[in-house]
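The values are calculated or read from the model by the stated rules, or taken from the named source; none is laboratory data. Just so we're clear, the structure is a prediction, and the values are computed from it rather than from any experiment. Cβ placement follows ideal geometry from the backbone for every residue including glycine, while neighbour counts extend to all protein chains displayed.
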Amino acid sequence: MNERTDDTWRDSENAKKFLNEIAGAIPLEAEQLDIMMRLISEQRNEVRSILDIGCGNGILASVILNQYSNARATLLDFSDTMLDAAKEKLSSYKDQVRYVKSDYGDEALDKKLADEKASFDVIVSRFSIHHQSDERKYQVYQEIFNLLAPNGIFINIEHVASKSKWVNKIFEKYMIDYMYDSYNKKGKVKSRDEIAQEFRGRHDKDANVIALAEKQCAWLSEIGFVDVDCYFKVFEIAIFGGRRLNRS
């Protein structure tokens, strides 16, 4: 069993804090979602099945279902708080969505979903897989590859490592500035120093096991994904993934 660092997300209060305060203050969220949809629409004229790993509040599945309204989605998370938030966001799609409570840190994805011989046209994840050890990350990417349908696509919106402490320092300032602006727009009274202190001392910091985007792209290519690339990157926020051409 891999050593776990993500137990903090089992706490409902920590999950609620993320949903209420952090999720809406992620830089360039609209641009990230646009890039995700451009990748999907270029690969698939039709999307019948979606898997959202570590679904959080279900934002990725909701955006995909908005364009592919006949698709069916499977949302997986180990947090009841996150799954409840996703159910609320996707309430209008209730007959098309199933929710799976599963801890994929210990439970293989392809085994968990093998009971239905599931395969998915699109598999997405957002700020989730980076909580796993590098060993488990690699295994998760293999399991994702096994679950992709022919001509399926995997897209990971992720927190990745900087190549130096200098770049990490810039990223932290960028995040603090962005969160400060976001709080001001919402009318919340917090100084930049307060936000900086909260960000640097955040409860989930030790849960992050971040790896270079380049390293993870190399893993995907080794596993068998094609057209692997980092499609978007701003400091430590990246979108990377690849396609599976066949099931052989």
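Are any residues in segment 71-88 assigned to a loop (DSSP other than H, G, I, E, B) and modelled with pLDDT under 95, and if so, which ones?
Scanning segment 71-88 gives PHE78, SER79.
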*Residues of segment 152-170 satisfying the condition of being touching a Ser or Thr at 6+ places or on another chain (Cβ under 9 Å) and either free of Cβ contacts under 8 Å to residues at least 12 places away in the same chain or closer than 22 Å to ASP34 by Cα (or both)*: GLY152, PHE154, ILE155, ASN156, ILE157, GLU158, LYS169
*Out of all the residues in segment 54-113, which are within 22 Å of HIS131 (Cβ to Cβ) and of a type in the set (Phe, Trp, Tyr)?*
PHE78, TYR99, TYR104
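Considering segment 44-63 alone, what residues qualify as being under 23 Å from LYS137 (Cβ atoms) and either of a type outside the set (A, V, I, L, M, F, W, C) or assigned to a helix (DSSP H, G or I) (or both)? Before the answer, list the steps.
From segment 44-63, those under 23 Å from LYS137 (Cβ atoms) are 50-61; that's our starting set.
Passing the criteria: ASP52, GLY54, GLY56, ASN57, GLY58, ILE59, LEU60, ALA61.
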*Of (1) in a helix (DSSP H, G or I); (2) within 30 Å of ALA149 (Cβ to Cβ), LYS169 satisfies all except one. Which?*
(2)
*Subset of segment 89-138 that is under 13 Å from the mean Cα position of the chain (by Cα) and in a helix (DSSP H, G or I) - its residue that is modelled with the lowest pLDDT*: HIS131
_Residue tally, condition under 23 Å from ILE129 (Cα atoms), in a helix (DSSP H, G or I) and among the aromatic types (Phe, Trp, Tyr), over segment 181-231_ = 2
_Only one of ILE195, ILE176 is surrounded by 17 or more Cβ atoms within 10 Å (Cβ to Cβ), more than 23 Å from PHE120 (Cβ to Cβ) and over 23 Å from the mean Cα position of the chain (by Cα). Can you tell me which?_
ILE195
*Which residue, of SER91, SER79, SER102, is farther than 18 Å from LEU33 by Cβ, free of Cβ contacts under 8 Å to residues at least 12 places away in the same chain and of a type in the set (S, T, N, Q)?*
SER91
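Right, TYR141: assigned to a helix (DSSP H, G or I), touching a residue at least 40 places away in the same chain (Cβ under 8 Å) and more than 16 Å from the chain's Cα centre (by Cα) or not? Talk me through it step by step, then tell me what you get.
Numbers: assigned to a helix (DSSP H, G or I): yes; touching a residue at least 40 places away in the same chain (Cβ under 8 Å): yes; more than 16 Å from the chain's Cα centre (by Cα): no.
No: the conditions fail for TYR141.
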*Can you tell me which residue among ALA114, ALA149 is under 14 Å from LEU51 (Cβ atoms), surrounded by fewer than 20 Cβ atoms within 10 Å (Cβ to Cβ), without any contact (Cβ under 8 Å) to a residue 24 or more places away in the chain and not acidic (Asp, Glu)?*
ALA114
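Residues of segment 185-232 being aromatic (Phe, Trp, Tyr) and either farther than 21 Å from LYS173 by Cβ or at pLDDT below 90 (or both), which ones?
Restricting attention to segment 185-232, the residues satisfying the condition of being aromatic (Phe, Trp, Tyr) are 199, 219, 225, 231-232.
Selection gives PHE199, TRP219, PHE225, TYR231.
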*Any idea which of TYR104, TYR93, TYR99, TYR138 is under 23 Å from LEU245 (Cα atoms) and of a type outside the set (A, V, I, L, M, F, W, C)?*
TYR138
